[in-house]
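One structure is given here, and the rest of the page talks about it.
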Amino acid sequence: DVKVTQSSRYLVKRTGEKVFLECVQDMDHENMFWYRQDPGLGLRLIYFSYDVKMKEKGDIPEGYSVSREKKERFSLILESASTNQTSMYLCASSLSGGGNTEAFFGQGTRLTVV
Amino acid sequence: AQSVTQLDSQVPVFEEAPVELRCNYSSSVSVYLFWYVQYPNQGLQLLLKYLSGSTLVKGINGFEAEFNKSQTSFHLRKPSVHISDTAEYFCAVSDRTGGATNKLIFGTGTLLAVQP
């Protein structure tokens with residue numbers, strides 16, 4: 001059974017804290033993604049990675065950074081958490097290709113910044 | 001830049017009635033199209049996808065979608081819904097420009113609320 005696992009389902013952090021969201025996939029996928037989901041806005045791409053140590057900005061990268069030191073793991077970092085980063089964060093992975101491969105999603109991390 | 005429009009934020013429907021969830025995309029290039037479903041407190045899972053070939057695509061749980069290139073639409077349908085179909089449905093597009101990644105661009109989602 002294919003799996004994308006996010007380390008936490010729920011997180012509560014204080015403003016200004018450095019926050020790490022971890023994602024691990026067991027499918028040997030080349031691509032990994034971080035999305036943010038907000039009511040009425042759908043899913044918005046924060047960052048993606050197509051190979052180890054490779055990353056590209058998505059549509060809303062401000063205030064975030066990422067790390068991919070191993071193929072199976074993709075971390076999202078909030079350098080200094082702010083209340084407007086309270087949201088649901090979804091990690092996904094897929095095989096490389098010309099856009100026709102399915103993305104597999106984790107269960108999501110609901111982050112609250114107080 | 002590509003975009004996806006889901007005009008209906010919420011669709012209420014009675015159990016066993018038919019339903020159509022609308023999706024339009026804006027792209028001048030050929031695209032791949034997807035529908036994902038998100039049940040409460042879960043991640044997204046793939047319902048169906050259009051890559052090429054027949055414009056009518058069948059997916060899981062009795063859903064199907066029709067690709068209409070002239071209208072740039074990919075509407076999702078089910079002839080008879082169940083209470084268990086209550087979920088949020090997302091349309092997504094990815095272009096055929098190739099390269100190492102397939103960035104999925106999502107719509108804002110449609111909440112399907114099935115009532116008894």
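See the values below:
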read-out: P(r) weight above 25 Å for chain A, C-alpha pairs, percent; value: 15
read-out: Region B:12-68: translational diffusion in µm²/s, Stokes-Einstein, Kirkwood Rh over Cα pairs, 20 °C, 1.002 mPa s; value: 163
read-out: Scattering profile of the protein assembly as shown at q = 0.17 Å⁻¹ [log10 I(q)/I(0), Debye over alpha-carbon scatterers]; value: -1.24
read-out: Diffusion constant of region B:3-115 at 10 °C, which comes from Stokes-Einstein with the Kirkwood Cα-pair radius and 1.306 mPa s, µm²/s; value: 112
read-out: Simple Cβ-charge dipole of chain B, Lys/Arg +1 and Asp/Glu -1, about Cα centre, in debye nearest 20; value: 420
read-out: Loop-resident sites, region B:30-116, for trypsin sites (Lys or Arg not before Pro), counting at most 14 other Cβ within 10 Å (DSSP); value: B:69
read-out: Distance violations [Cα-Cα > 30 Å] among A:13/B:78; A:18/A:70; A:70/B:69; A:53/B:69; A:70/B:78; A:13/A:70; value: A:13/B:78; A:70/B:69; A:53/B:69; A:70/B:78
read-out: Lys/Arg +1, Asp/Glu -1 at C-beta; chain B dipole; positive extreme among B:80, B:112, B:31; value: B:31
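Rule-based calculations on the coordinates, nothing more; no lab input. Keep in mind that this is a model prediction, so the values were computed, not measured. Don't worry about glycine lacking a Cβ; one is built from the backbone with ideal geometry, like all the others, and counts go over all protein chains shown.
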